[in-house]
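Peer 1: Questions regarding the structure given below will be posed in turn.
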Amino acid sequence: MSSEGKKLFNIIILGVSFMFIFTAFQSCGNIAQTVITNLNNTDFHGSGYTSMSIIYGVLSASNLISPSLVAIVGPQFSMVVSGVFYSLYIAVFIQPATWAFYTASVLIGIAAAVLWTAQGNCLTENSDENTIGRNSGIFWALLQFSLIFGNLYIYFAWQGKTHISESDRRTVFIALTVISLVGTVLFFLIRKQEDTKAPGDDDSTNEILGESSSARNKMMRAVAAFKKSITLSFTKEMLLLSVTTAYTGLVLTFFSGVYGTCIGAVNRFGSEEKSLIGLSGIFIGVGEILGGGIFGLLSKRSRSGRNPVVMLGILVHFIAFYLIFFNMPNDAPIAPMEGTDQVAYMIPSKEVAMLCSFLLGLGDSCFNTQLLSILGFLYSEDSAPAFAIFKFVQSICAAVAYFYSNYFLLQWQLLIMVLVGFFGTITFFTVEWGAAAALAARGSDYSSI
């Protein structure tokens, strides 16, 4: 197999592995608060929102050390170990205990930081400036199939149910745990690239380290990766992109946890309210996959760069927020187990709710594919630290959003996303114009997004 063929194979395996793991994890996130609400009459007293806040809070802090960990053990082994911790978190729901639930939340926060840093490193190692847009799209589209498969099962298994039984819960989470483990094993199929740099290394560092894999040299690479992360954090481009990244963190919280909970709490949806959570996840996944395919796989046909895609993303999201505001009761995110009988500005419509799910996924793919692409382009030599910073900002904003989701009415959550999204779009434009100018100065063709 040619070098280019091997790289494409690695990207596909990377995407398929993430697809399996996040089929389990994102399905778990979509139904966690609903399942927990049905458990709170027992000895279990956890909160799905609080758990996700812990996960993303720990994830953000762990991104400070994740480049060093990836530098020491390598991206492939980093992803394998992280995948095991994802599986353990999901398995907690088979027989929930409050202490185990929150402990697993801390552990998966650390694992997620390492997983996404290693993913960014692997994506960049197997791409160049001509293929980073295509490869980002392939990875993102494969990843987002995860929203289809798990939610299909939830939709059909929970159709017509207003209460989730112990048997239903165990069946779902045993299946999701096995699916996550399958994705973890697939990481072993990724083939190592020859003559690639360790995360955080530069040419001078490579000369000093040579080919030795001693503990001392691994520690030097870890320290170099940590220093590079701190340095990159304060560059103009990274600071500007951090506003856009912050927006993706808020949106991630909303569509992966809050919106499904809102749908499940609307009593006017009748006996379908629980199964509609799964259907909503499917429509989010369709939007994500469509966006990944159009803006990644077909990127070579675009000659106008990344900005039009991001502009489409924010417009699509603003339309979704407007419709959600009109369609969903204001107290839906914080409704009790009995649900809510309130009405917003229209009678709650299942069709409008599913349309909004699709728009949320499509807009999210616009932002994430372009952020992956521009980070891989700007920081091809420092991919692990760059992607660690990306996940640090995204996850800390997701943690904050999960925390306030326990208390804020729907209108305030939507307003926050509108404001941050507006400014995040402007800052992305600024960085992209700079990237276009750099390409022009090098005499390159600005033809891929």
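The values are calculated or read from the model by the stated rules, or taken from the named source; none is laboratory data. Bear in mind the structure is a predicted one, so any value in this text is a computation, not a measurement. Cβ sites come from the backbone with ideal geometry, for glycine too, and all protein chains shown count toward neighbours. Protein only, heavy atoms only, side chains kept; ligands, DNA and RNA dropped before computing areas. Shrake-Rupley method; radii C 1.70, N 1.55, O 1.52, S 1.80 Å.
Peer 1: Give, as ranges by residue number, the residues of the stretch 388-430 whose backbone N falls under 11 Å from the point 7 Å along Cα→Cβ of Q342.
Peer 2: Hits in the stretch 388-430 for Q342 at 11 Å: 408-412.
Peer 1: Which of rounded, prolate, oblate describes the stretch 302-417, given a ≥ b ≥ c as roots of the alpha-carbon gyration tensor eigenvalues and a/c under 1.5 marking rounded, otherwise prolate only if a/b is larger than b/c? Don't skip to the answer; put the middle values down first.
Peer 2: Values: a/c = 3.52, a/b = 1.73, b/c = 2.04.
Oblate, since a/c reaches 1.5 and b/c is not below a/b.
Peer 1: Only four residue types carry charge here, +1 at the Cβ of Lys and Arg and -1 at the Cβ of Asp and Glu. Report the dipole size of the stretch 1-190 about the Cα centre in Debye, rounded to the nearest 20. Can you show the working numbers first?
Peer 2: Details: 6 positive and 7 negative charges, 40 e Å.
In total the dipole reaches around 200 debye.
Peer 1: Work out from phi, with θ = phi - 60° and the Karplus expression 6.51 cos²θ - 1.76 cosθ + 1.60, the ³J(HN,Hα) of each residue of the stretch 421-429, listed in order in whole Hz, and give x for Gly and Pro.
Peer 2: x, 4, 5, x, 5, 5, 5, 5, 3
Peer 1: Take the Cβ-Cβ distance between L315 and S167 as r, set R0 to 51 Å, and report the resulting FRET efficiency rounded to the nearest 0.05. If you can, show how the numbers build up before the last one.
Peer 2: Working: r = 44 Å, r/R0 = 0.87.
The value I calculate is 0.70.
Peer 1: Further question: I'd like the Karplus ³J(HN,Hα) series for the stretch 254-263: coefficients 6.51, -1.76, 1.60, θ = phi - 60°, whole numbers in Hz, and an x wherever there's a Gly or Pro.
Peer 2: Karplus values, whole Hz, x for Gly and Pro: 5, 7, 8, x, 6, 5, x, 5, 4, 4.
Peer 1: Mind checking which of G183, S66, I148 is farthest towards the positive end of the stretch 1-190's charge dipole, using Cβ charges of +1 (Lys, Arg) and -1 (Asp, Glu) about the Cα centre?
Peer 2: After comparing all options, I get I148.
Peer 1: For a test of the definition: using alpha carbon positions, the gyration tensor, and the 1.5 limit on a/c, classify the stretch 225-439 as rounded, prolate or oblate.
Peer 2: On the way: a/c = 2.44, a/b = 1.81, b/c = 1.35.
Prolate is the answer for the stretch 225-439, as a/c is 1.5 or above and a/b outweighs b/c.
Peer 1: On to the next question. Consider a paramagnetic label point 7 Å from the Cα of E4 along Cα→Cβ; state which residues of the stretch 373-390 have an amide N under 18 Å from it.
Peer 2: Flagged as within label range: none.
Peer 1: Going toward the positive end of the dipole of the stretch 225-439, with +1 on Lys and Arg Cβ and -1 on Asp and Glu Cβ, which of F403, L372, F269 do you reach last?
Peer 2: L372
Peer 1: Roughly how many Å² is the accessible area per residue of the stretch 1-190, as a whole number, for a 1.4 Å probe?
Peer 2: Values: 6580 Å² over 190 residues.
Heavy-atom accessible area per residue stands at 35 Å².
Peer 1: Taking a ≥ b ≥ c as the square roots of the eigenvalues of the Cα gyration tensor of the stretch 1-190, is the shape rounded (a/c under 1.5), prolate (a/b larger than b/c) or oblate? Walk me through the numbers on the way to the answer.
Peer 2: Details: a/c = 2.56, a/b = 1.65, b/c = 1.55.
Because a/c hits 1.5 or more and a/b exceeds b/c, the stretch 1-190 counts as prolate.
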